[in-house]
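The values are calculated or read from the model by the stated rules, or taken from the named source; none is laboratory data. The structure displayed is predicted, hence computed values, not measured ones. Here the Cβ is made from the backbone with ideal geometry for all residues, glycine too, and neighbour counts use every protein chain on show. Only protein heavy atoms, including side chains, enter the accessible area calculation; ligands, DNA and RNA are left aside. Shrake-Rupley method; radii C 1.70, N 1.55, O 1.52, S 1.80 Å.
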Amino acid sequence: MAAIGKIRSWGPTLVIVIGLALFAFIAEEMFRSCEASKNEQRQQVGEVLGEKINVQDFQALITEYQEVIKMTQGRDNLTDDERDRVWNSFVYNKIIEKEAEELGLTVTDTEMQNILREGTNPMLMQTIFVNHQTGRFDVAQLTKFLNDYKSNQNPQVAEQYKTIYDYWRFVEKSLRQELLARKYQALLANCLLSNPVSAKAAHEAQHQESTILLAAMPYSSIKDDDVQVSDADLKAKYDSQKEAFRQFIETRDIKYVDFQVVASKSDRDALLKDMQEASQKLQSGAAPAEVVRKVSSQIPYLGLPVTSRALPNDIASRIDSMAAGQTTAPFETAADNTINVVKLISKQQLPDSVEFRMIRVGAETAEATQKRADSIYTAIKAGAPFDSIAKKYGQTGDKQWLTSAQYQNSTNIKDDDDYKEYLLTLNTLGAGEMKNLKLSQINLILQVTDRRAMVTKYDVAVIKHTIDFSNQTYNDAYNKFSQYVSENNTIEGLEKNAEKYGFKVLERNDVANSDYNVAGIRSPRESTRDILKWIFDAKPGQVSPLYECGSHDHLLVVALTKVHPEGYRDVDGVKDVLKKQVLRDKKYDMLKAKLEGVKSIADAKAKGAQVDTVKQISFGSPVFVQMTGSSEPALAGAVVTTKQGDFHAAPVKGNGGAFVFQVVGVDKHGESADDKDHEKQIEAKLKQAAIENVSRNYMQELYQKAKVKDNRYLFF
């Protein structure tokens, strides 16, 4: 009992201890939950319609499109615009899918099959399943490929089949998305109506040209200083068009100093000397591949005949006038800041596209491989069916096309490469000819079945070298810029001392986190990512550290001046815009009062108006007034509704001035609108114009409704 009493005496202490233990347990779980939530947020590349997009999921879309570009264009990397295209397509399709789901719109398998059978969709025409005889997409070729892909057991072609299959899956997905978007747009289009009355009126307005005597009083005739603009005027103008100043993403204003490092005279002279030596070596007959490699040319020597499309414009413009064996002296191209040397080794007429089939031959030893290949080659030459022999060795022997675009921009072809021999053979074999091509590991029995589009191809060695700065030049520039940044860590300091160092402070307003450049420095993307992160983490007044960016040739310092949050811009932020509009309004009121009571062009001239004859004014083409230097759609609208001979005494408020006018001539031209069928055509045109106008606006409204968040700048 004494023990129990003692335990009871500890009751309050035990409650506190247990309570603290429970609190610690709950707090730990809360901390873990918060940390997990933060980690999840750190992995979010954006948000659409409340759905958070994980960076890995978006990277998968980037990779998918990258493989498409690699297959269709032979490039390994996406441009910034192409990365944007992936994001914009993703967002657009998400929005359309949501709208379509609510409306019950779908794309059926039957509709997809109809598109494939028609074979005219531009997306289908970019695939390898185009029948070169009909020029149309061939669904039979696709079906055969899909069946072959499922049944293929040959590991030698498995990777190639997988690449083509993945590409087709991308095309199929894109087709479905395109068809769904078309259905949604068609639904919107059918909600729009036109009528014969407006059609006829619009037709007459568009097919009528007027000549007028114009009396103009330019706004520039009144000095800005003679017009009083108060804060109340600015606020009233702001309130009248507040929606125009709404922004849907946060933007920021910056000031910055960008210094680009360029090659010094000694740098240029050293490069020119190397290029002259390379030109002499090529001229004397040295191996082109070795010379090009040693000078670190941007363009490797393939040793293959290529079309001019594979060459930069400055090179392509020279080679057609060069003779085989000729080598140029070094020449500079300012557009890409390079010095160049070109040797044309040969040029000949070769096919741009080759249709061929092949059988891969391999065995345990090189001798066995050669023996088997000779046997196959002899059998086919003697009349054995090519496809039957191919099937005997587990291959299809199907015909396929090779185009110049598939290989001529490659950077992976070596001078002694099997692939190079393979390409040379296909380029030079005639239609119907065969060759038993021995490669390092296998033999190929190649047969060319067709050759199309004979073009001039060039075997050309190109040395293209950027005029680079030396390490010493860069170090000198870096030290100078670094000193400037370290001594000036305020916006005022940057501006005050920039001229002393030979720099200039520039400014840029409304930087968005989706921008791919900060100071016009666009490539590579990674070089400005950290700067964007700094801009969107900084507070107004802060100055960034020194950034090395661009192609390691720009030195940059940034100062954040203002933040414009999502929502409505404040009056001060748009004061300059408002002031221009208020000045125009007040000047118009002053000029309108001056023109009050005028009953003729002569009266207006007597009050100081400038007079001129203006011809060919129509509703469809707003008039440009030389006297004010402005385009005046409002004037064109007033002229069209004024009868010939009438004087329009009510001053027209234009972009550049106040106008009164008299219509002195009207010329009606074009088709008559009396015919009922023709009126229907006009109705259709008006409806189409309305559809196009709606199409321009509806997606923007849906985008805003979707509350899209774009955080790609944190990752890409």
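Scanning region 63-114 for residues that are among the basic types (Lys, Arg), open to solvent by 60 Å² or more (accessible area, probe 1.4 Å) and either touching a strand residue (DSSP E or B) at 6+ places or on another chain (Cβ under 7 Å) or part of a loop (DSSP other than H, G, I, E, B) (or both) yields one hit, 75. Note on region 231-271: residues that are closer than 23 Å to residue 548 by Cα, among the charged types (D, E, K, R), in contact with a helix residue (DSSP H, G or I) (Cβ under 7 Å, 6 or more places away or on another chain) and outside any strand (DSSP E or B) total 1. Only one entry in 459, 515 is touching a Ser or Thr at 6+ places or on another chain (Cβ under 8 Å) and surrounded by 15 or more Cβ atoms within 10 Å (Cβ to Cβ), namely 459.
Considering each residue of region 338-388, count those that are in contact (Cβ under 8 Å) with a residue 24 or more places away in the chain, over 21 Å from residue 147 (Cβ atoms) and among the aliphatic types (A, V, I, L, M), and give that number. The total comes to 11.
Which residue is nearest to residue 344 (Cα to Cα), if the candidates are limited to region 231-280 and must be open to solvent by 60 Å² or more (accessible area, probe 1.4 Å) and touching a Gly at 6+ places or on another chain (Cβ under 8 Å)? Out of the qualifying residues, it is 260.
Here residue 431 meets the list (1) assigned to a strand (DSSP E or B); (2) open to solvent by 50 Å² or more (accessible area, probe 1.4 Å) almost entirely, failing just condition (1). Confirm whether residue 316 is closer than 18 Å to residue 350 by Cα and out of contact with any Lys or Arg (no Cβ under 6 Å at 6 or more places or on another chain). It is true that residue 316 is closer than 18 Å to residue 350 by Cα and out of contact with any Lys or Arg (no Cβ under 6 Å at 6 or more places or on another chain). When region 570-608 is limited to residues that are assigned to a loop (DSSP other than H, G, I, E, B) and among the basic types (Lys, Arg), the one that is least open to solvent (accessible area, probe 1.4 Å) turns out to be 607.
Return yes or no: is residue 326 in contact (Cβ under 8 Å) with a residue 24 or more places away in the chain and under 15 Å from residue 460 (Cα atoms)?
When the stated conditions are applied, residue 326 does not pass them.
Filtered by the rule that a residue be loosely packed, with under 15 Cβ neighbours inside 10 Å and in a helix (DSSP H, G or I), region 281-312 gives 290, 293, 294, 309. Just to be sure, is residue 373 more than 32 Å from the chain's Cα centre (by Cα) and open to solvent by 20 Å² or more (accessible area, probe 1.4 Å)? Spelling it out, it is not the case that residue 373 is more than 32 Å from the chain's Cα centre (by Cα) and open to solvent by 20 Å² or more (accessible area, probe 1.4 Å).
Give all pairs with beta carbons closer than 8 Å in which a residue from region 622-642 that is open to solvent by 40 Å² or more (accessible area, probe 1.4 Å) meets a residue that is in a helix (DSSP H, G or I); count only pairs at least 6 apart in sequence or on separate chains. From residues that are open to solvent by 40 Å² or more (accessible area, probe 1.4 Å), the pairs are 622/633; 622/635; 622/636.
Of the candidates 315, 359, the single residue that is hydrophobic (A, V, I, L, M, F, W, C), surrounded by 15 or more Cβ atoms within 10 Å (Cβ to Cβ) and more than 33 Å from the chain's Cα centre (by Cα) is 359.
Looking across region 607-627, the residues that are touching a Ser or Thr at 6+ places or on another chain (Cβ under 9 Å) and closer than 29 Å to residue 225 by Cβ come down to 608, 610, 624, 625.
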